[in-house]
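All remarks here apply to the structure that follows.
The values are calculated or read from the model by the stated rules, or taken from the named source; none is laboratory data. Predicted, not measured: the structure shown is a model, and the values here were computed from it. We place every Cβ from the backbone using ideal geometry, glycine too, and count neighbours over all the protein chains shown. SASA here: full protein model, heavy atoms, side chains in, ligands and nucleic acids out. Shrake-Rupley method; radii C 1.70, N 1.55, O 1.52, S 1.80 Å.
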Amino acid sequence: MEKLAIIDMGSNSIRFVVLQIADNKAYSLLYQEKESIRLGQGLNQPGQLSDEGMARAMTCLHVYKHIMEVMSITNCMAVATAAVRNASNGDMFLKKINAETGITMNVITGEREAYLGYLGVINTIAMKNFLIFDLGGASVEMTLVQNGEPVHSISIPIGAVTLTEKFNLQNNVTEEALQDCTKYVRKKIDAVPWIQDLDLPIVGIGGTARNFAKMDQRATNYEMSKIHNYILHAENFDALYMEITTRTSANRKKIPGLSSERADLIVAGAVVIKTILDTVGSTEMVVSGCGLREGLFFEYYANLYHLDKPRFDNILSFSIQNFMGTLGSVVNTTHIHQVVKITGQLFDQLKELHGYGPQQKVLLMTAAQLHDVGKIINFYNHARHSAFMINHAPLYGLTHREQLIASFIAGFHHGVSRKTLRAYRYADMISSEDWIMIRKLSTLLALAEASDLTYEQIVKDIQITIAENVVVMVITTTPGATYNAADYEMKQLTKQFKKEYGATLLLVWK
């Protein structure tokens, strides 16, 4: 078992995370801390880090050092970005940090910062062609990704803190100041030839992008508080932009979802994001909760286990296995593999009746792999617990809606239950068409679960014949197996099968 600390000292905030890598290679987040230090404040004028900003950072670093001592952590990766990179007294500050705390902090280049942000996104969001921007306090990094690979990247010294100071945007914003800032940002962005009219989605990293997601969620009454992989449509962003840039400072702070510690920086951040959206010609921004810190970790993880590259080919499969690995021995993996196998056979052979394709199968198989995770909370009613856990688990490669669908499919693995519907607050986020799919697919999972009721894996194969309104399921078992319990449990689901598929289900054991 190994513990790793990561410190990311930016121009606006400093973040500290502790991750644990278990002996089975599963990793989990143990601790996280974030403070606003405004290290880049005042950088425009003398080109130096202010005494106040450095003092705020040092206070946090002393705390982080103490936490590492308490948690017996000796491995720490600490990086500093644009504020220290651009300051004439940056090297002096890093020496002071090392002398007082023993923490060795490295300044990374803008290109390195962009690459780490790319790793954080590509391993957690299932997209192939997009533009990443990471907006910080003193710079914005942008990376063009095509077919999953970074083809261009750049770091531009415009950030929410430095722009706010340069154009005096922290209080009531004048039309002239807003126009001056917009012209300045547009000139910087227009100088990048490879982002013009890309007509691609953009992925936003950083506190400003996350705060826009929170504001949009409040404005649209979005029921989940999940930020990572949240899709913010351009027209919604434009509406928020108008609110932010036209309100007085006092009224701006009243916008639902706007963080109080970011209210003075949000105008400058909004200008940068709007300029990128307009230049790229994008209709949406996907907000990423993962970025530089996750990129650092994935790179470390890949090196630790000698992987070919710090990018996972199937991020959903990897995140499912990692999540399962964090649960220990609560889940019977042999049973899970059996249920997954039978569920897949049922889906494939009943396609004539349900008509669903590869993506729906992914959701079903995700549910099958995770249907028993709720046992870690309580064996009784574990299907409901599984539904909640799956929806909130760090699974990557699914949209919010897809993850919610998979959670409901798993929640019904003992049969469709009104109790699960009543207990689960997100039921209204699913469309009527989705509910039809959930009921049909959860019926298959319930049958597969029932077939291994005794955890003996007696079912070796299933062959289905469909004739008129009758489905004949021939189930081949291991020689001499006792299948009475499985037969009884599966027959309890024939009424549900008839309701969802409009056909009578006959079981034939051999």
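A few points about this structure:
- The stretch 431-510 - share of DSSP beta bridges that are antiparallel (%, nearest 5): 55 percent
- About the Cα centre, charge dipole magnitude for the chain (Lys/Arg +1, Asp/Glu -1 at Cβ), debye: 980 debye
- Whole-number accessible area per residue in Å² for the stretch 450-510, which is evaluated in the context of all protein chains at 1.4 Å: 56 Å²
- The chain, helix-only ellipticity at 222 nm - DSSP H runs n ≥ 4, -39,500 (n - 2.57), divided by all residues, nearest 500: -14500 deg cm²/dmol
- Each eigenvalue of the Cα gyration tensor of the stretch 1-101, multiplied by 5 and square-rooted, gives one semi-axis; in descending order these are 28, 13, 11 Å.
- Averaged per residue, the stretch 229-284 has 38 square angstrom of accessible surface, using a 1.4 angstrom probe with ligands and nucleic acids left out.
- Dipole-positive endmost among 282, 220, 191 within the chain (Cβ charges, Cα centre): 220
- Computed on the stretch 214-305, the Cα convex hull volume stands at 126 Å³ per residue.
- At q = 0.09, 0.14, 0.20 Å⁻¹ the log10 of I(q)/I(0) for the stretch 300-449 amounts to -0.27, -0.65, -1.25, computed by Debye summation with a single uniform scatterer per C-alpha, solvent ignored.
- In Å, descending, principal axis extents of the Cα set of the chain: 83, 49, 39
- The magnitude of the dipole of the stretch 318-468, with charges of +1 and -1 set on the Cβ of Lys/Arg and Asp/Glu and taken from the Cα centre, is near 440 debye.
- Its Cα centre serving as origin, the stretch 326-392 has a Cβ charge dipole (Lys and Arg +1, Asp and Glu -1) of approximately 80 debye.
- Helix 315-325 and the long axis of the chain differ in direction by around 80°, with both axes built from C-alpha atoms.
- For the chain, carbon and sulfur atoms together expose 49% of the accessible surface, with a 1.4 angstrom probe and every protein chain in place.
- Straight-distance crosslink candidates among lysines, where the alpha carbon sits under 16 Å from residue 3 and sequence neighbours closer than 8 are dropped: 25, 65
- Whole-Hz ³J(HN,Hα) from phi, Karplus 6.51 cos²θ - 1.76 cosθ + 1.60, for the stretch 216-229, glycine and proline x: 5, 4, 5, 5, 9, 6, 5, 6, 7, 9, 5, 9, 4, 6
- Treating each Cα of the stretch 52-134 as an identical point scatterer and summing with the Debye formula, the log10 of I(q)/I(0) at q = 0.19, 0.23 Å⁻¹ comes to -0.93, -1.10.
- Whole-Hz ³J(HN,Hα) from phi, Karplus 6.51 cos²θ - 1.76 cosθ + 1.60, for the stretch 267-282, glycine and proline x: 5, 4, x, 5, 4, 5, 5, 4, 5, 5, 4, 5, 5, 6, x, 8
- Net charge, residue 363 excluded, C-beta distance under 14 Å - Lys, Arg +1, Asp, Glu -1: +1
- When the chain is described by a simple charge dipole with +1 on each Lys and Arg Cβ and -1 on each Asp and Glu Cβ, the residue from 358, 304, 148 located farthest towards its positive end is 358.
- Relative protection proxy for 117-127, 150-160, 320-330, from highest mean packing down: 117-127, 150-160, 320-330 (other beta-carbon atoms within 10 angstrom).
- DSSP-defined beta bridges in the chain - what % are antiparallel, rounded to 5: 65 percent
- Degrees, to the nearest 10: 234-246 long Cα axis against longest axis of the chain: 30 degrees
- For the stretch 372-384, Karplus couplings with θ = phi - 60° (6.51, -1.76, 1.60), whole Hz, Gly/Pro x: 9, 5, x, 5, 5, 8, 6, 4, 6, 6, 5, 4, 5
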